[in-house]
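The values are calculated or read from the model by the stated rules, or taken from the named source; none is laboratory data. As the structure is a computational prediction, the values presented were derived from the model and not from experiment. We place every Cβ from the backbone using ideal geometry, glycine too, and count neighbours over all the protein chains shown.
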Amino acid sequence: MAAASRRPIAPSLLAWAGQHGRHDLPWQKPATPYRVWVSEIMLQQTRVDTVIPYFERFMARFPRLTLLGKAGLEEILVLWSGLGYYARARHLHATARLCLEVHRGLLPATLDELMRLPGIGRSTAGAIMALGHGLRATILDGNAKRVLARYHAVAGPPDTAEIRRRLWSLAERETPREQVAAYTQAIMDLGATLCTRARPSCSSCPLAQNCAARTTGRQAHYPGKRPANAKPCRERWFAWIERDNAVLFEQRPPVGIWGGLLCLPEIPPQMDPGEWCNARLGFAAGKAEELPGFQHEFTHFRLRARIASCHGLAANIGDHIPGRWLGTENADLAALPTPIRRYLKARLAERQSRSTGR
């Protein structure tokens, strides 16, 4: 059956969703434009079960967009800490500020205006329009791409321009004129629960009878994938500067890895850790000792973090040093990247254990 003559998916998908779709997600109760927007940003490259507790804490603190727009970025990053992809939180904050300044404290209600806001692309804007306003708009998130690519046998990586155009065209064609909110949620639900990336449950799928991938037994071929490349390893030195059972942290630049979060000070490349520590502390700290480090996987590279401990008399480490001192008692209240928080707590706990002889 040619793609152009395939049956529309909306009738079967809506009937299935009425019985088997997800109707109790926290951002559905109620599905306001604001709540849909926050959830869609959090759900980018992140699983639903991971997002739910973050969303609930976020809404408890910022139940309205106006409160979010008036908050400081650090407060938002604290609530986001551990969710990853921190540019999303910075975009969320920037958009909330713009809505206060330009849109009377509300998200705009047109697709074009939404897409002009930081962090809101075509699919996210479509979700806000469809789920938040009940207006006809199209989405093409990862779940929808997979459903459409398999149903219509669209070969090739979906992140290439040609395949992306074909999938958007199919998404526009399949989106119904009515029940658009239910359809939008349904296609995301189908991709998340049945039409999964690995081992799809085709025997339970409402679209199986007319799905091109299923009828040819080639489900694993869609969507297409780019050849996997080995992740490069990047090595970075970080400084461990300690005083009175607390460790010095500094805020990272707003862009780049862990942008805007607190982190152990990063030592510039090509600079000797001991010399950097001496210059940073303003006195002869002595030769830096290398502590056990850690590795962390990012989407496109692997980070090898090496840690240099700067020795020196605690009395000589003055309050003039810019940054923030964190210990076990306040680490959970700061906006720290998860691997850095884990490393801090593990080292302090290890030393505490040694000092008590346990």
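Scanning the stretch 100-117 for residues that are touching a Ser or Thr at 6+ places or on another chain (Cβ under 6 Å) and at pLDDT 95 or above yields a count of 1. Per the conditions (1) assigned to a helix (DSSP H, G or I); (2) surrounded by fewer than 17 Cβ atoms within 10 Å (Cβ to Cβ); (3) modelled with pLDDT of 80 or more, the sole criterion not satisfied by Phe294 is (1). Of the residues making up the stretch 217-245, those that are assigned to a loop (DSSP other than H, G, I, E, B) and in contact (Cβ under 8 Å) with a residue 12 or more places away in the chain are Arg218, Tyr222, Pro223, Gly224, Lys225, Arg226, Lys231, Pro232, Ile241, Asp244, Asn245.
Among residues that are closer than 18 Å to Ser123 by Cα, modelled with pLDDT of 95 or more, crowded, with 16+ Cβ neighbours inside 10 Å and in the same structural domain as Glu172 (by TED's automatic domain parsing), Ser12 is not included. Taking the stated definitions as given, is Thr175 buried (at least 20 other Cβ atoms within 10 Å of the Cβ), without any contact (Cβ under 8 Å) to a residue 40 or more places away in the chain and more than 15 Å from Gly224 (Cβ to Cβ)? Considered against the rule, which asks whether it is buried (at least 20 other Cβ atoms within 10 Å of the Cβ), without any contact (Cβ under 8 Å) to a residue 40 or more places away in the chain and more than 15 Å from Gly224 (Cβ to Cβ), Thr175 comes out as no. What number of residues within the stretch 15-40 satisfy the criterion of being within 21 Å of Leu67 (Cβ to Cβ), surrounded by fewer than 13 Cβ atoms within 10 Å (Cβ to Cβ) and either not charged (D, E, K, R) or not assigned by TED's automatic domain parsing to the domain that holds Arg97 (or both)? The qualifying residues number 1. One residue alone among Arg252, Arg214, Arg280 is touching a residue at least 60 places away in the same chain (Cβ under 8 Å) and either within 32 Å of the chain's Cα centre (by Cα) or outside the structural domain of Ala144 (by TED's automatic domain parsing) (or both), and that residue is Arg214.
Considering the conditions (1) under 18 Å from the mean Cα position of the chain (by Cα); (2) buried (at least 19 other Cβ atoms within 10 Å of the Cβ), Ile52 is excluded by exactly one of them, (2). Taking the stretch 17-87 as the region of interest, the helices (runs of 4 or more DSSP H) fully inside it that hold 3 or more residues being under 17 Å from Cys99 (Cα atoms) are 33-43, 65-70. Scanning the stretch 96-124 for residues that are farther than 19 Å from Leu135 by Cα and either exposed (fewer than 14 other Cβ atoms within 10 Å of the Cβ) or more than 23 Å from the chain's Cα centre (by Cα) (or both) yields a count of 6.
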